[in-house]
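Below is one structure, written out as structure tokens; comments come after it.
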């Protein structure tokens with residue numbers, strides 16, 4: 001059973017309908033209103049690379065309230081046909097610790113993505129459908145020239161998924177909370193793939 005979220009009534013910052021997949025909406029995360037849903041997701045074993053397995057509700061709330069106070073970092077709840085589907089975060093790499101680990105280029109746009117748990121059997125093409133919307137959203141701003149991701153270096157499934165989506169692998173970097181693998185997707189690559 002899916003967890004309900006009051007995000008249904010929030011205005012989407014981006015929305016895209018994909019034939020055969022549905023309508024994907026990206027809405028601002030409300031740390032307090034979405035706490036039950038998000039805490040449930042980030043503390044599941046499948047989300048171990050998110051780094052919050054042992055976090056209390058109060059700790060998760062504190063993290064997302066802090067993110068909500070920043071102008072350089074944003075958290076969103078992603079819905080597919082009105083149902084919560086993923087947690088999406090964006091950030092400006094030069095205002096984030098990751099910016100100390102690589103040479104940030106003008107137009108770099110950092111993202112984190114946590115796909116919500118599936119109801120029943122995994123749906124073929126689900127992650128790819130959501131990923132295509134995140135890429136479209138990130139590049140809808142003409143100032144964004146390159147998408148930057150930095151999954152945990154042990155998260156081979158996420159890294160392989162990024163490569164299939166067109167990301168080019170960069171170096172492994174050491175962050176305080178993890179060893180990460182940088183990957184980049186340029187606007188030019190997306191436009192060439194059409």
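No value in this document is a laboratory result; all are computed from the given coordinates. Note that the structure is predicted; figures quoted are calculated from it, not measured. Cβ: placed from backbone, ideal geometry, glycine included. Neighbour counts: every protein chain shown.
The Cα center of the range 156-178 and the Cα center of the range 8-32 differ in position by 26 Å.
Given Cα pairs under 8 Å that are at least 6 residues apart, what percent is the relative contact order of the range 12-83? Before the final figure, lay out the partial values.
Details: 83 pairs, mean separation 27.6, N = 72.
Result for the range 12-83 is 38 percent.
When all alpha carbon pairs of the chain are counted in 5 Å bins from zero, the resulting P(r) reads 1, 7, 16, 20, 23, 18, 11, 4, 0 %. In this structure, residue 154 and residue 57 have a Cβ-Cβ separation that, at R0 = 22 Å, corresponds to a calculated FRET efficiency of about 0.25.
Have a look at the DSSP beta bridges in the chain and tell me what percent are antiparallel, nearest 5.
On the way: 34 of 37 bridges.
Roughly 90 percent of the beta bridges in the chain run antiparallel, per DSSP.
Normalising the average separation of contacting C-alpha pairs (under 8 angstrom, six or more residues apart) by the number of residues puts the relative contact order of the chain at 16 percent.
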